[in-house]
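This report concerns only the one structure given below.
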Amino acid sequence: MSSINYAEKIPNNINLANDRTLQRALEHWQPKFIDWWKGMGPSDFQGADVYLRTAVSVDADGWAQYGAVKMPDYRWGIFLADPVAERKIGFGDAMGQPVWQQVPGEYRSILRRLIVTQGDTEPASVEQQRLLGHTCPSLYDLRNLFQVNVEEGRHLWAMVYLLHAYFGRDGREEAEELLQRHSGDADKPRILSTFNEPISDWLSFYCFTYFTDRDGKYQLKSLAESGFDPLSRTCRFMLTEEAHHMFVGETGIGRVIKRTLEVMKELGTDDPARIRAHGAVDLGLLQKYLNFWCSSSLDLFGNEISSNSAANFANGLKGRPDEATYEDHVLREKTFALHTPKGTENVPMLNAINEIMRESYLKDCEIGLKRWNRTIERAGYPALALRLPAANFRRSIGAWAGQPVDPKGNLISNEAFARELNSWIPSEQDRAFVKSLMIRVAEPGKMARWVAPPDRGINNLPVDYEYVKLH
Ligand SMILES: [Fe+2]
Ligand SMILES: [Fe+2]
């Protein structure tokens, strides 16, 4: 008999206390996860008391319980959203058939691949962000960083649960490898390239949580449609947490803009050099960061034309985000007008699922921009409005890979592209300037000079609450 109280140590709604096989698999994996967390998670803050939310159940009271926790003691739990009674597959050739509670043999390796690819991004982002704590602009921000980090850790748990519970030995091996690949590692990098880019400053962190966590949202939404019900339920619960990550990005960028506009008003100028000399981020520089992270995140959706995505859709494994909002769920008859360097091509819609996802993702990205631009317009600078780069700008995957395209989407000469690139994405000099702003502010309520305070604190606490006790 094991002496571990599973409900206490690993909050769950999968009846872990009565599942010996799963317990054994997790008992083997959990210490390795903790080692990974201590070695590759947030550097230097393992002894700090952090005001974190923990999910202890999936209902309204339980999914966000707040309290001070040392991160290595965080209770990473395993939760599935409540089952939908008599749920049916909602798209593809098997549409209308009952969903699967076990992995169908013929889809075993592809489902494992989908879960591993999603799972790999979760610890990757924790690794990418591990040094950020040293330069936090406030304790409020530091707490938000750690909240995102522990939840990405929980998302890893969620995927590892699926691997352990449904994929036998192969699944256990994959779960080990999720802790062995590392972001930016020359020999064993993370699977997707965006997750190997270091995030060494907080402007990048806000952009990452705005753009790349939103890619996560879209991937989770499409997996939440899956005919493999345990995957669907797992992803549906992860989405509730993901919303906070994007909130950190949207409000973070909004606060940078607010501060910049204050400085512009104070100085009576929009001259970037003077704004920078005053220790704030000029809007042109912010635009470059948006261009960089948006284009990098767009690659995560993969090739515009993909027979794998077509098969995953046709087989009911991975749908479109918000599948129910579409009319046709089979897509055998429809075509899609695809914009390529050679002109518009009509392709079978089933093969263009990635592009359909990318388009709906970009629409979602626009929402924050509208909000930010209202502030910029109200301050009297409509000409400085921010915009998303065109979907074909700076792509390294798909039809536009390596094509010299400007941020408006025009195909230009290679020379012009090379000449202008530093005016579209952060140059060495820009990055050095942003780095110079990254000075730790760790007094309750105080903010770094390049970012405005948030409108409100966490969980109704004041902004000047000591969200992280550093000791
Ligand atoms: Fe995540
Ligand atoms: Fe996330």
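Of all residues in the range 182-198, those that are within 16 Å of ligand 1 (Cβ to nearest atom), assigned to a loop (DSSP other than H, G, I, E, B) and either charged (D, E, K, R) or buried (at least 22 other Cβ atoms within 10 Å of the Cβ) (or both) total 2. Checking the stated criteria, LEU162 turns out not to satisfy the condition of being under 30 Å from LYS435 (Cα atoms), part of a helix (DSSP H, G or I), away from ligand 2 (no atom under 16 Å from the Cβ) and open to solvent by less than 10 Å² (accessible area, probe 1.4 Å). List pairs: first residue in the range 109-127 and in contact (Cβ under 8 Å) with a residue 24 or more places away in the chain, second residue among the β-branched types (Val, Ile, Thr) and away from ligand 1 (no atom under 15 Å from the Cβ) anywhere in the structure, Cβ distance under 7 angstrom, at least six positions apart or on different chains. If the second residue must be among the β-branched types (Val, Ile, Thr) and away from ligand 1 (no atom under 15 Å from the Cβ), the pairs left are LEU111/VAL103.
Here ASN308, ASN303, ASN291 are screened, and the one residue that is in a loop (DSSP other than H, G, I, E, B) and of a type in the set (S, T, N, Q) is ASN303.
Those residues that are under 15 Å from GLY153 (Cα atoms) and not small (Gly, Ala, Ser), I need them from the range 70-89; list them, please.
Filtering the range 70-89 for residues under 15 Å from GLY153 (Cα atoms) gives 70-79.
Within the range 70-89, LYS70, MET71, PRO72, ASP73, TYR74, ARG75, TRP76, ILE78, PHE79 meet the criteria.
In the range 376-402, the residues that are of a type in the set (Gly, Ala, Ser) form Cβ pairs under 6 Å with partners that are surrounded by 17 or more Cβ atoms within 10 Å (Cβ to Cβ) and part of a loop (DSSP other than H, G, I, E, B), at six or more places apart or across chains, as follows: GLY398/ASN303; GLY398/GLU304; ALA399/GLU304; ALA401/ARG395.
State all residues of the range 307-356 that are open to solvent by 10 Å² or more (accessible area, probe 1.4 Å) and of a type in the set (Asp, Glu); if no residue qualifies, say none. Of everything in the range 307-356, those that are open to solvent by 10 Å² or more (accessible area, probe 1.4 Å) and of a type in the set (Asp, Glu) turn out to be ASP322, GLU327, ASP328, GLU333, GLU345, GLU355. Only residues that are touching a strand residue (DSSP E or B) at 6+ places or on another chain (Cβ under 6 Å) and under 30 Å from HIS471 (Cβ atoms) were counted across the range 72-116, and they come to 2. No other residue among LEU298, LEU317 is in contact (Cβ under 8 Å) with a residue 60 or more places away in the chain and either within 20 Å of the chain's Cα centre (by Cα) or under 22 Å from GLU197 (Cα atoms) (or both) apart from LEU298. Each residue in the range 61-89 was checked for being open to solvent by 30 Å² or more (accessible area, probe 1.4 Å) and over 29 Å from SER138 (Cα atoms), and 7 pass.
Criterion applied to ARG190, ARG181 was being of a type outside the set (Phe, Trp, Tyr) and either more than 16 Å from ligand 2 (Cβ to nearest atom) or touching a Phe, Trp or Tyr at 6+ places or on another chain (Cβ under 6 Å) (or both), and the one residue passing it is ARG181. Taking the options THR251, THR260, THR240, name whichever one is more than 30 Å from GLY284 (Cβ to Cβ) and either away from ligand 1 (no atom under 11 Å from the Cβ) or among the aliphatic types (A, V, I, L, M) (or both). None of the other options fit; the residue is THR240. Have a look at ALA383, ALA448 and point out the one that is hydrophobic (A, V, I, L, M, F, W, C) and either at pLDDT below 95 or surrounded by fewer than 18 Cβ atoms within 10 Å (Cβ to Cβ) (or both). After applying the criteria, what remains is ALA383. Looking only at residues in the range 200-247 that are within 13 Å of ligand 2 (Cβ to nearest atom), hydrophobic (A, V, I, L, M, F, W, C) and within 19 Å of LEU290 (Cβ to Cβ), the one that is most open to solvent (accessible area, probe 1.4 Å) is PHE247. Applying the condition of being of a type in the set (A, V, I, L, M, F, W, C) and open to solvent by 60 Å² or more (accessible area, probe 1.4 Å) to the range 5-34 and asking which residue is modelled with the highest pLDDT yields ALA17. Every residue in the range 4-61 that is over 22 Å from the mean Cα position of the chain (by Cα), of a type in the set (Ser, Thr, Tyr) and farther than 14 Å from ILE78 by Cα, please. If the condition is that a residue be over 22 Å from the mean Cα position of the chain (by Cα), of a type in the set (Ser, Thr, Tyr) and farther than 14 Å from ILE78 by Cα, then THR21 is the only one that fits.
The values are calculated or read from the model by the stated rules, or taken from the named source; none is laboratory data. All figures in this text were calculated on a predicted structure; none of them were measured in a lab. Please note: Cβ atoms are built from the backbone with ideal geometry, for glycine as well, and neighbour counts cover all protein chains shown. For the accessible areas, the whole protein counts, side chains as well, though only heavy atoms, and no ligand, DNA or RNA atoms are used. Shrake-Rupley method; radii C 1.70, N 1.55, O 1.52, S 1.80 Å.
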